[in-house]
Every structure is written in structure tokens, then in C-alpha cells.
Amino acid sequence: MFALLKWMKRRIVLLLCLAGFASPFIFIQLTDWFYYSSLIGWILGFICISSAYVIVSRRPDEEPAGEQ
């Protein structure tokens with residue numbers, strides 16, 4: 001379980017970016033089910049990309065040598 005958390009911690013920005021770019025396309029496919037789903041997809045995509053940007057801007061430039 002700790003290995004999965006460590007993997008997610010190192011790859012969270014990549015996962016957020018992938019989710020951010022994919023969510024509008026996924027939610028556009030759900031337009032027949034819910035009329036405003038494309039709007040919700042764009043909003044979720046923006047939130048994911050913004051969260052990734054905040055994480056990258058707060059992360060130190062160099063990681064400690066013990067965590068590699």
C-alpha cells in the first residue's frame with residue numbers, strides 16, 4: 001500500500017494533467033445522458049490542470065537524495 005502511495009506522490013502531476021485533458025472529451029460523450037455534462041467536464045479539467053500547476057509551483061526544485 002505504501003508503494004502505491006509513493007508512486008502516486010511522484011506521479012500526481014502527470015495523473016492530474018491526463019485527467020484534466022481527458023475529462024472534457026469523456027464528459028462530452030455523456031451529453032445525451034445529462035445536458036450540462038460537457039460544461040462539467042471543462043470545469044473539472046480546469047480544476048485538475050490548475051491543481052497540477054499549484055503542485056508544481058510549490059514543489060522544491062531538487063528532491064532530497066534519500067527519496068530517490
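The values are calculated or read from the model by the stated rules, or taken from the named source; none is laboratory data. Just so it is clear, the model here is predicted, and its values are computed rather than measured. All Cβ positions, glycine included, derive from the backbone under ideal geometry; neighbour counts span all protein chains shown. Only protein heavy atoms, including side chains, enter the accessible area calculation; ligands, DNA and RNA are left aside. Shrake-Rupley method; radii C 1.70, N 1.55, O 1.52, S 1.80 Å.
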- Lone qualifier among PHE21, PHE25 - being exposed (fewer than 12 other Cβ atoms within 10 Å of the Cβ) and modelled with pLDDT of 90 or more: PHE25
- Any residue at all in the range 6-15 that is touching a helix residue (DSSP H, G or I) at 6+ places or on another chain (Cβ under 7 Å), modelled with pLDDT of 85 or more and open to solvent by 100 Å² or more (accessible area, probe 1.4 Å)? no
- In the range 42-58, anything open to solvent by less than 90 Å² (accessible area, probe 1.4 Å) and over 13 Å from the mean Cα position of the chain (by Cα) is listed as SER57
- Task: May I ask you to list pairs of residues, at least six apart or on different chains, whose Cβ atoms are under 7 Å apart, with the first in the range 41-53 being under 18 Å from GLN29 (Cβ atoms) and the second being among the aromatic types (Phe, Trp, Tyr)?
- Result: GLY41/PHE27; GLY45/PHE21
- Message: Being surrounded by 11 or more Cβ atoms within 10 Å (Cβ to Cβ) and at pLDDT 90 or above is the requirement here; does PHE34 meet it?
- Response: no
